[in-house]
Amino acid sequence: MSSVLDRFLRYVRYDTQSDERSTTYPSTAKQLVLLRDLARELRAIGLPDADVDAFGYATATIPATVANPNIPTIGLIAHVDTSPEMSGADVKPIVHRAYDGRDLVLPDDPSLVLRLADNPSLAEQIGHDIVTASGTTLLGADNKAGVAEIVTAAEYLLAHPDTPHGTIRIAFTPDEEVGRGTTHFDVARFGADYAYTIDGGALGEVEGESFSADAMTVTFVGFNTHPGYAKGRMINTIKAAADFINRLPADRLSPETTDGDEGFVHPYVVQASVERTSVKLLIRDFQTAALAEREARIEALAREALSRFPGARLEIAVEEQYRNMHEVLVRHPAVLEYARDAVRQAGLEVRSSAIRGGTDGSRLSFMGLPTPNLFAGEHNFHSRLEWVSVQDMEKAVEVIVNLARIWATPAASSA
Ligand SMILES: [Zn+2]
(Lines give C-alpha, C1' and ligand atoms only; values in the text may rest on other atoms or scores of the structure.)
Protein backbone atom coordinates (compact mmCIF):
# COMPACT_ATOMS: atom_id res chain seq x y z
CA MET A 1 0.00 0.00 0.00
CA SER A 2 1.60 3.29 -1.00
CA SER A 3 1.95 5.94 1.64
CA VAL A 4 0.75 9.50 1.52
CA LEU A 5 4.37 10.56 0.90
CA ASP A 6 4.80 8.31 -2.13
CA ARG A 7 1.62 9.72 -3.62
CA PHE A 8 2.59 13.27 -2.85
CA LEU A 9 6.02 12.86 -4.47
CA ARG A 10 4.32 11.43 -7.54
CA TYR A 11 1.68 14.18 -7.88
CA VAL A 12 4.07 17.15 -7.52
CA ARG A 13 5.97 16.01 -10.61
CA TYR A 14 2.93 16.81 -12.78
CA ASP A 15 3.04 20.40 -14.02
CA THR A 16 -0.51 21.57 -13.29
CA GLN A 17 -0.09 25.34 -13.29
CA SER A 18 -3.32 27.19 -14.04
CA ASP A 19 -3.47 30.37 -16.15
CA GLU A 20 -5.72 33.32 -15.36
CA ARG A 21 -5.46 34.72 -18.91
CA SER A 22 -6.81 31.54 -20.45
CA THR A 23 -10.40 31.42 -21.68
CA THR A 24 -10.64 27.62 -21.73
CA TYR A 25 -11.88 25.35 -18.95
CA PRO A 26 -9.83 24.11 -17.29
CA SER A 27 -7.53 27.04 -17.95
CA THR A 28 -4.68 24.71 -18.90
CA ALA A 29 -5.00 21.26 -20.50
CA LYS A 30 -2.07 19.90 -18.50
CA GLN A 31 -4.23 19.84 -15.37
CA LEU A 32 -6.34 17.17 -17.09
CA VAL A 33 -3.36 14.83 -17.22
CA LEU A 34 -3.25 14.60 -13.43
CA LEU A 35 -7.05 14.67 -13.07
CA ARG A 36 -7.40 11.68 -15.43
CA ASP A 37 -4.58 9.80 -13.73
CA LEU A 38 -6.24 10.43 -10.36
CA ALA A 39 -9.51 8.96 -11.62
CA ARG A 40 -7.56 5.95 -12.87
CA GLU A 41 -5.80 5.60 -9.51
CA LEU A 42 -9.11 5.83 -7.62
CA ARG A 43 -10.55 3.08 -9.82
CA ALA A 44 -7.44 1.00 -9.18
CA ILE A 45 -7.79 1.27 -5.39
CA GLY A 46 -11.41 0.12 -5.63
CA LEU A 47 -13.68 3.04 -6.51
CA PRO A 48 -15.18 1.89 -9.83
CA ASP A 49 -17.27 5.02 -10.43
CA ALA A 50 -14.23 7.33 -10.42
CA ASP A 51 -14.34 9.49 -13.53
CA VAL A 52 -13.50 12.88 -15.01
CA ASP A 53 -16.39 14.97 -16.36
CA ALA A 54 -16.44 17.27 -19.37
CA PHE A 55 -14.99 20.17 -17.33
CA GLY A 56 -12.19 18.19 -15.74
CA TYR A 57 -13.66 17.52 -12.30
CA ALA A 58 -12.52 14.10 -11.09
CA THR A 59 -15.06 12.53 -8.74
CA ALA A 60 -15.57 9.20 -7.01
CA THR A 61 -17.73 7.61 -4.33
CA ILE A 62 -16.64 5.64 -1.28
CA PRO A 63 -19.72 3.54 -0.53
CA ALA A 64 -21.12 3.60 3.00
CA THR A 65 -20.22 0.76 5.35
CA VAL A 66 -23.28 1.45 7.50
CA ALA A 67 -26.77 1.02 6.09
CA ASN A 68 -28.39 4.09 7.62
CA PRO A 69 -29.96 6.47 5.11
CA ASN A 70 -29.91 9.27 7.69
CA ILE A 71 -26.15 9.53 7.70
CA PRO A 72 -25.25 12.66 5.69
CA THR A 73 -23.08 12.27 2.60
CA ILE A 74 -19.75 14.01 3.13
CA GLY A 75 -17.56 15.49 0.39
CA LEU A 76 -13.77 15.72 0.40
CA ILE A 77 -12.34 18.28 -2.01
CA ALA A 78 -8.87 19.32 -3.14
CA HIS A 79 -7.56 21.21 -6.15
CA VAL A 80 -4.87 19.93 -8.50
CA ASP A 81 -3.69 23.22 -10.01
CA THR A 82 -0.74 25.23 -8.78
CA SER A 83 -0.33 28.99 -8.67
CA PRO A 84 0.33 30.97 -11.86
CA GLU A 85 2.68 33.14 -9.78
CA MET A 86 5.46 30.56 -9.67
CA SER A 87 6.73 27.85 -11.99
CA GLY A 88 5.44 24.37 -11.25
CA ALA A 89 7.32 22.68 -14.11
CA ASP A 90 9.92 19.97 -13.41
CA VAL A 91 9.39 20.06 -9.67
CA LYS A 92 12.12 18.02 -7.97
CA PRO A 93 10.89 17.26 -4.48
CA ILE A 94 13.47 16.64 -1.76
CA VAL A 95 12.72 14.79 1.48
CA HIS A 96 14.86 16.16 4.29
CA ARG A 97 14.78 13.31 6.81
CA ALA A 98 14.79 13.79 10.60
CA TYR A 99 14.75 17.58 10.65
CA ASP A 100 16.76 18.89 13.58
CA GLY A 101 16.41 22.64 13.16
CA ARG A 102 19.22 22.90 10.64
CA ASP A 103 19.11 25.26 7.65
CA LEU A 104 17.63 23.50 4.63
CA VAL A 105 19.55 24.71 1.59
CA LEU A 106 17.78 24.22 -1.73
CA PRO A 107 20.43 22.82 -4.08
CA ASP A 108 19.27 24.31 -7.39
CA ASP A 109 19.49 27.81 -5.90
CA PRO A 110 21.69 27.71 -2.79
CA SER A 111 20.74 31.32 -2.00
CA LEU A 112 17.36 29.89 -0.99
CA VAL A 113 17.50 28.60 2.56
CA LEU A 114 14.57 27.42 4.65
CA ARG A 115 15.48 28.70 8.11
CA LEU A 116 13.88 28.01 11.45
CA ALA A 117 14.37 31.69 12.33
CA ASP A 118 12.17 32.80 9.39
CA ASN A 119 9.65 29.95 9.75
CA PRO A 120 8.51 29.66 13.38
CA SER A 121 6.20 26.74 12.50
CA LEU A 122 9.28 24.63 11.75
CA ALA A 123 9.88 24.51 15.51
CA GLU A 124 7.05 21.96 15.73
CA GLN A 125 8.73 19.76 13.14
CA ILE A 126 11.85 18.60 14.98
CA GLY A 127 12.40 14.93 14.19
CA HIS A 128 9.97 15.04 11.27
CA ASP A 129 10.65 14.68 7.56
CA ILE A 130 10.30 17.91 5.60
CA VAL A 131 9.62 17.99 1.87
CA THR A 132 10.74 21.00 -0.18
CA ALA A 133 11.28 21.67 -3.87
CA SER A 134 14.83 22.07 -5.17
CA GLY A 135 14.99 25.86 -5.45
CA THR A 136 13.69 26.77 -8.91
CA THR A 137 9.97 25.98 -8.54
CA LEU A 138 7.20 25.89 -6.00
CA LEU A 139 6.58 22.50 -4.39
CA GLY A 140 2.85 22.17 -5.02
CA ALA A 141 1.93 21.03 -1.51
CA ASP A 142 -0.84 23.56 -2.14
CA ASN A 143 -2.90 21.48 -2.81
CA LYS A 144 -1.33 18.16 -3.81
CA ALA A 145 -0.78 17.43 -0.12
CA GLY A 146 -4.58 17.52 0.20
CA VAL A 147 -5.02 15.31 -2.89
CA ALA A 148 -2.56 12.74 -1.54
CA GLU A 149 -4.23 12.80 1.88
CA ILE A 150 -7.71 12.22 0.45
CA VAL A 151 -6.62 9.33 -1.80
CA THR A 152 -4.71 7.75 1.08
CA ALA A 153 -7.69 8.14 3.43
CA ALA A 154 -9.93 6.56 0.77
CA GLU A 155 -7.52 3.66 0.45
CA TYR A 156 -7.49 3.25 4.23
CA LEU A 157 -11.29 3.22 4.46
CA LEU A 158 -11.54 0.64 1.67
CA ALA A 159 -8.99 -1.56 3.43
CA HIS A 160 -10.83 -1.23 6.76
CA PRO A 161 -14.49 -1.91 5.98
CA ASP A 162 -15.05 -2.33 9.73
CA THR A 163 -14.74 1.47 10.03
CA PRO A 164 -18.31 2.78 10.21
CA HIS A 165 -18.98 5.62 7.77
CA GLY A 166 -21.65 6.92 5.45
CA THR A 167 -21.31 7.66 1.75
CA ILE A 168 -18.26 9.80 1.00
CA ARG A 169 -17.82 11.73 -2.21
CA ILE A 170 -14.43 12.83 -3.52
CA ALA A 171 -13.80 15.71 -5.92
CA PHE A 172 -10.52 16.88 -7.38
CA THR A 173 -10.91 20.22 -9.10
CA PRO A 174 -8.95 22.41 -11.52
CA ASP A 175 -8.36 26.17 -11.50
CA GLU A 176 -8.74 27.03 -7.82
CA GLU A 177 -5.72 29.33 -7.96
CA VAL A 178 -7.33 31.44 -10.67
CA GLY A 179 -10.62 31.68 -8.77
CA ARG A 180 -12.55 29.39 -11.10
CA GLY A 181 -12.42 26.11 -9.21
CA THR A 182 -16.18 25.99 -8.75
CA THR A 183 -17.32 27.62 -12.03
CA HIS A 184 -18.77 24.39 -13.43
CA PHE A 185 -19.04 22.45 -10.17
CA ASP A 186 -22.43 20.76 -10.07
CA VAL A 187 -23.36 20.68 -6.38
CA ALA A 188 -26.54 18.65 -6.96
CA ARG A 189 -24.73 16.05 -9.03
CA PHE A 190 -21.91 15.83 -6.50
CA GLY A 191 -24.61 14.88 -4.02
CA ALA A 192 -22.87 15.67 -0.74
CA ASP A 193 -24.72 17.29 2.16
CA TYR A 194 -21.57 18.85 3.60
CA ALA A 195 -17.98 18.97 2.42
CA TYR A 196 -14.46 19.87 3.44
CA THR A 197 -11.66 21.29 1.37
CA ILE A 198 -8.37 19.80 2.57
CA ASP A 199 -6.27 22.81 1.64
CA GLY A 200 -5.09 24.47 4.84
CA GLY A 201 -1.81 25.09 6.58
CA ALA A 202 -0.63 24.11 10.01
CA LEU A 203 -1.46 20.90 11.82
CA GLY A 204 -4.87 21.03 13.47
CA GLU A 205 -6.23 23.98 11.53
CA VAL A 206 -10.00 24.17 11.04
CA GLU A 207 -11.06 27.21 9.05
CA GLY A 208 -14.69 28.29 8.95
CA GLU A 209 -14.26 31.94 8.06
CA SER A 210 -12.99 33.59 4.92
CA PHE A 211 -12.96 37.08 3.53
CA SER A 212 -15.90 38.44 1.64
CA ALA A 213 -14.51 39.67 -1.63
CA ASP A 214 -15.41 41.89 -4.55
CA ALA A 215 -13.35 42.95 -7.55
CA MET A 216 -13.75 46.55 -8.64
CA THR A 217 -12.67 48.16 -11.90
CA VAL A 218 -12.38 51.95 -12.04
CA THR A 219 -11.98 53.17 -15.62
CA PHE A 220 -11.20 56.73 -16.70
CA VAL A 221 -12.22 57.57 -20.26
CA GLY A 222 -10.60 60.61 -21.90
CA PHE A 223 -9.59 61.72 -25.38
CA ASN A 224 -6.43 61.11 -27.39
CA THR A 225 -5.13 63.06 -30.35
CA HIS A 226 -1.72 63.86 -31.91
CA PRO A 227 0.36 65.20 -29.01
CA GLY A 228 1.78 67.98 -31.22
CA TYR A 229 -1.68 69.43 -31.75
CA ALA A 230 -3.40 68.42 -28.53
CA LYS A 231 -3.67 71.73 -26.74
CA GLY A 232 -7.07 72.12 -25.15
CA ARG A 233 -8.25 68.81 -26.61
CA MET A 234 -6.34 65.89 -25.16
CA ILE A 235 -7.65 64.38 -21.93
CA ASN A 236 -4.95 62.05 -20.59
CA THR A 237 -6.50 59.36 -18.40
CA ILE A 238 -3.09 58.07 -17.31
CA LYS A 239 -2.79 61.26 -15.27
CA ALA A 240 -6.35 61.00 -13.97
CA ALA A 241 -5.74 57.42 -12.84
CA ALA A 242 -2.45 58.41 -11.19
CA ASP A 243 -4.29 61.16 -9.30
CA PHE A 244 -6.89 58.61 -8.19
CA ILE A 245 -4.30 56.05 -7.06
CA ASN A 246 -2.55 58.78 -5.06
CA ARG A 247 -5.75 59.39 -3.13
CA LEU A 248 -6.01 55.75 -1.97
CA PRO A 249 -4.94 55.22 1.65
CA ALA A 250 -1.33 54.04 1.78
CA ASP A 251 -0.82 53.83 5.53
CA ARG A 252 -3.94 51.74 6.29
CA LEU A 253 -6.59 49.58 4.57
CA SER A 254 -3.83 48.03 2.46
CA PRO A 255 -2.56 44.45 2.28
CA GLU A 256 0.86 45.66 3.36
CA THR A 257 -0.49 47.42 6.47
CA THR A 258 -3.23 45.06 7.72
CA ASP A 259 -3.60 41.63 9.30
CA GLY A 260 -5.94 39.80 11.68
CA ASP A 261 -9.55 40.80 11.13
CA GLU A 262 -8.92 43.98 9.13
CA GLY A 263 -9.93 44.17 5.49
CA PHE A 264 -8.30 46.15 2.71
CA VAL A 265 -8.51 47.80 -0.67
CA HIS A 266 -5.82 46.70 -3.10
CA PRO A 267 -5.07 48.19 -6.54
CA TYR A 268 -3.24 45.37 -8.34
CA VAL A 269 -3.46 45.93 -12.08
CA VAL A 270 -3.42 49.12 -14.16
CA GLN A 271 -4.12 49.04 -17.90
CA ALA A 272 -3.15 52.43 -19.18
CA SER A 273 -3.43 54.46 -22.37
CA VAL A 274 -4.12 58.14 -22.95
CA GLU A 275 -7.74 57.59 -23.88
CA ARG A 276 -8.64 54.82 -21.45
CA THR A 277 -7.07 53.74 -18.17
CA SER A 278 -8.47 51.04 -15.91
CA VAL A 279 -7.45 50.37 -12.34
CA LYS A 280 -8.43 46.99 -10.95
CA LEU A 281 -8.88 46.71 -7.20
CA LEU A 282 -9.53 43.88 -4.79
CA ILE A 283 -11.96 44.78 -2.00
CA ARG A 284 -11.75 42.53 1.07
CA ASP A 285 -13.41 42.38 4.47
CA PHE A 286 -14.76 39.74 6.87
CA GLN A 287 -17.97 41.78 7.13
CA THR A 288 -19.81 41.62 3.82
CA ALA A 289 -21.59 44.92 4.53
CA ALA A 290 -18.23 46.70 4.72
CA LEU A 291 -17.54 45.96 1.05
CA ALA A 292 -20.22 48.36 -0.18
CA GLU A 293 -18.94 51.10 2.15
CA ARG A 294 -15.40 50.63 0.83
CA GLU A 295 -16.65 50.68 -2.76
CA ALA A 296 -18.60 53.90 -2.18
CA ARG A 297 -15.47 55.48 -0.71
CA ILE A 298 -13.37 54.34 -3.71
CA GLU A 299 -15.92 55.77 -6.10
CA ALA A 300 -15.87 59.10 -4.21
CA LEU A 301 -12.07 59.23 -4.50
CA ALA A 302 -12.31 58.47 -8.22
CA ARG A 303 -14.82 61.30 -8.66
CA GLU A 304 -12.52 63.70 -6.82
CA ALA A 305 -9.73 62.77 -9.22
CA LEU A 306 -12.09 63.00 -12.19
CA SER A 307 -13.13 66.54 -11.26
CA ARG A 308 -9.58 67.70 -12.04
CA PHE A 309 -9.89 66.45 -15.64
CA PRO A 310 -12.84 68.23 -17.29
CA GLY A 311 -14.36 66.23 -20.13
CA ALA A 312 -13.20 62.87 -18.78
CA ARG A 313 -15.73 60.37 -17.54
CA LEU A 314 -15.78 57.44 -15.21
CA GLU A 315 -16.93 53.83 -15.55
CA ILE A 316 -17.21 51.72 -12.41
CA ALA A 317 -17.77 47.98 -12.34
CA VAL A 318 -18.08 45.80 -9.25
CA GLU A 319 -18.01 42.04 -9.45
CA GLU A 320 -18.81 39.73 -6.56
CA GLN A 321 -15.99 37.23 -6.05
CA TYR A 322 -16.92 35.25 -2.92
CA ARG A 323 -18.47 35.66 0.50
CA ASN A 324 -17.44 34.81 4.05
CA MET A 325 -18.38 31.13 4.45
CA HIS A 326 -19.16 31.80 8.12
CA GLU A 327 -22.52 33.28 7.06
CA VAL A 328 -23.51 29.78 5.84
CA LEU A 329 -21.61 27.60 8.33
CA VAL A 330 -23.17 29.34 11.31
CA ARG A 331 -26.45 27.67 10.29
CA HIS A 332 -24.77 24.21 10.23
CA PRO A 333 -22.72 24.12 13.43
CA ALA A 334 -22.09 20.36 13.25
CA VAL A 335 -19.87 20.77 10.20
CA LEU A 336 -17.19 22.62 12.16
CA GLU A 337 -17.89 20.83 15.41
CA TYR A 338 -17.19 17.40 13.90
CA ALA A 339 -14.07 18.70 12.19
CA ARG A 340 -12.76 19.87 15.55
CA ASP A 341 -13.66 16.51 17.10
CA ALA A 342 -11.80 14.72 14.31
CA VAL A 343 -8.71 16.84 14.96
CA ARG A 344 -8.85 16.21 18.72
CA GLN A 345 -9.33 12.47 18.21
CA ALA A 346 -6.06 12.50 16.29
CA GLY A 347 -4.41 13.83 19.44
CA LEU A 348 -4.03 17.32 18.06
CA GLU A 349 -4.94 20.75 19.27
CA VAL A 350 -7.52 22.60 17.20
CA ARG A 351 -6.36 25.80 15.58
CA SER A 352 -9.18 27.99 14.36
CA SER A 353 -8.27 30.86 12.14
CA ALA A 354 -10.02 33.05 9.62
CA ILE A 355 -8.69 32.79 6.08
CA ARG A 356 -7.45 36.15 4.78
CA GLY A 357 -8.54 35.06 1.34
CA GLY A 358 -11.11 32.74 -0.13
CA THR A 359 -11.27 29.05 -0.87
CA ASP A 360 -13.43 27.04 -3.21
CA GLY A 361 -15.36 26.32 -0.02
CA SER A 362 -16.30 30.00 0.29
CA ARG A 363 -18.14 29.71 -3.01
CA LEU A 364 -19.45 26.18 -2.50
CA SER A 365 -20.95 27.18 0.84
CA PHE A 366 -23.07 29.78 -0.94
CA MET A 367 -23.88 27.30 -3.73
CA GLY A 368 -25.62 25.13 -1.13
CA LEU A 369 -22.73 22.93 0.01
CA PRO A 370 -21.38 24.10 3.39
CA THR A 371 -17.61 23.59 3.04
CA PRO A 372 -15.03 24.68 5.61
CA ASN A 373 -11.31 24.14 5.13
CA LEU A 374 -9.11 21.67 7.01
CA PHE A 375 -5.33 21.60 7.32
CA ALA A 376 -3.29 19.73 4.75
CA GLY A 377 0.10 20.75 6.22
CA GLU A 378 0.90 23.34 3.55
CA HIS A 379 3.37 26.13 4.32
CA ASN A 380 4.81 29.05 2.32
CA PHE A 381 2.17 28.76 -0.41
CA HIS A 382 3.14 29.78 -3.96
CA SER A 383 6.79 30.17 -2.97
CA ARG A 384 10.02 28.43 -3.87
CA LEU A 385 10.36 27.92 -0.10
CA GLU A 386 7.10 25.97 0.08
CA TRP A 387 7.28 22.96 2.41
CA VAL A 388 5.19 20.25 3.99
CA SER A 389 5.98 17.69 6.66
CA VAL A 390 5.39 14.00 6.05
CA GLN A 391 4.10 13.51 9.60
CA ASP A 392 1.58 16.35 9.17
CA MET A 393 0.28 14.72 6.00
CA GLU A 394 -0.10 11.42 7.87
CA LYS A 395 -2.04 13.24 10.61
CA ALA A 396 -4.31 14.81 7.99
CA VAL A 397 -5.13 11.31 6.69
CA GLU A 398 -6.01 10.27 10.24
CA VAL A 399 -8.23 13.33 10.69
CA ILE A 400 -10.12 12.56 7.46
CA VAL A 401 -10.72 8.98 8.60
CA ASN A 402 -11.89 10.24 12.01
CA LEU A 403 -14.23 12.65 10.31
CA ALA A 404 -15.78 9.88 8.22
CA ARG A 405 -16.38 7.87 11.39
CA ILE A 406 -17.78 10.80 13.39
CA TRP A 407 -20.35 11.60 10.70
CA ALA A 408 -21.64 8.03 11.05
CA THR A 409 -22.34 8.35 14.78
CA PRO A 410 -26.03 8.51 15.74
CA ALA A 411 -25.90 12.19 16.71
CA ALA A 412 -24.71 13.12 13.24
CA SER A 413 -27.75 11.60 11.57
CA SER A 414 -29.84 14.46 12.86
CA ALA A 415 -27.34 17.20 11.95
ZN1 LIG B 1 -4.82 25.85 -2.36
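Taking the C-alpha atoms only, the angle from helix 390-406 to the longest principal axis of the chain is near 70 degrees.
For His379, the residues whose amide H sits under 5 Å from its own are Trp387, ignoring neighbours fewer than 5 places away on the same chain, with H placed 1.01 Å from N. Counting only alpha carbon atoms, the long axis of helix 333-345 and the longest principal axis of the chain meet at about 60°. Averaging 1/r over each pair of different alpha-carbon atoms in the range 256-372 and inverting the result gives 17.3 Å, the Kirkwood hydrodynamic radius.
Label sites at Asp49 and Ser3, each approximated as a point 7 angstrom past Cα along Cα to Cβ, lie 3.3 nm apart.
Semi-axes of the equivalent ellipsoid for the range 3-142, computed as √(5λ) from the eigenvalues of its C-alpha gyration tensor and ordered from largest down, come to 32, 22, 13 Å. Between the beta carbons of Gln271 and Ala29, assuming R0 = 22 Å, the FRET efficiency works out to 0.20 to the nearest 0.05. Note on Glu349/Ser254: beta-carbon distance plugged into 1/(1 + (r/R0)^6) with R0 of 45 Å gives a FRET efficiency of 0.85.
The trypsin sites (Lys or Arg not before Pro) of the range 221-315 that meet both conditions, a loop assignment by DSSP and at most 16 other Cβ atoms within 10 Å of the site Cβ, are Lys231, Arg233, Arg252, Arg308. According to the Cα-based calculation, Rg over Rh for the range 72-115 is 1.15, with Rh computed by the Kirkwood formula. Between the exposed loop cleavage positions of the chain, defined as GluC sites (Glu not before Pro) in a non-H, G, I, E, B DSSP state with at most 13 neighbouring beta-carbon atoms within 10 angstrom, the longest gap is 86-348.
Assuming a ≥ b ≥ c are the square roots of the Cα gyration tensor eigenvalues, decide whether the range 101-241 counts as rounded (a/c under 1.5), prolate (otherwise, with a/b larger than b/c) or oblate. The shape class here is oblate. For the range 180-197, just list the computed ³J(HN,Hα) in residue order, Karplus coefficients 6.51, -1.76 and 1.60, θ = phi - 60°, integers in Hz, with x standing in for Gly and Pro. My calculation for the range 180-197 gives 10, x, 10, 3, 10, 6, 9, 4, 5, 5, 4, x, 8, 7, 9, 9, 9, 7 Hz in order.
From the alpha carbon centroid of the range 321-377 to that of the range 115-177 is 17 Å.
Round to the nearest 10 and give me the degree value, 0 to 90, for the angle of helix 288-306's Cα axis relative to the longest principal axis of the chain. Compared with the principal axis, the helix lies near 20 degrees. With the simple model of a label 7 Å out from the Cα in the direction of the Cβ, Asp109 to Met234 spans 4.0 nm. Here the convex hull built on the C-alpha positions of the chain has a volume of 155 cubic angstrom per residue.
Of the beta bridges in the chain, as assigned by DSSP with both residues counted there, near 70 percent are antiparallel. Computed from phi, the 3J(HN,Hα) profile of the range 61-67 under the Karplus parametrisation 6.51, -1.76, 1.60 (θ = phi - 60°) reads 10, 9, x, 5, 9, 10, 8 Hz, with x in place of Gly and Pro. On the beta carbon distance between Arg331 and Asn68, with R0 = 25 Å, the FRET formula returns roughly 0.60.
Under 5 Å from the amide H of Ser210 lie the amide H atoms of Met325, His326, Ile355, each residue being 5 or more positions distant or on a separate chain, with H modelled from the backbone and absent for Pro and chain starts.
On a per residue basis, the range 1-83 carries 43 Å² of accessible surface, using protein heavy atoms and a 1.4 Å probe. Each label point was placed 7 Å from the Cα along the Cα-to-Cβ direction; for Arg21 and Arg303 their separation is 3.6 nm. Couplings for the range 122-136, taken from phi via the Karplus curve 6.51 cos²θ - 1.76 cosθ + 1.60 with θ = phi - 60°, read 5, 4, 7, 10, 4, x, 8, 9, 9, 9, 10, 7, 9, x, 10 Hz in order; Gly and Pro are left as x.
The values are calculated or read from the model by the stated rules, or taken from the named source; none is laboratory data. All values derive from a computational prediction rather than experimental measurement. Neighbour counts run over all protein chains shown; Cβ positions are idealised from the backbone, glycine included. Quick note on the areas: whole protein, heavy atoms, side chains included, nothing else; ligands and nucleic acids left out. Shrake-Rupley method; radii C 1.70, N 1.55, O 1.52, S 1.80 Å.
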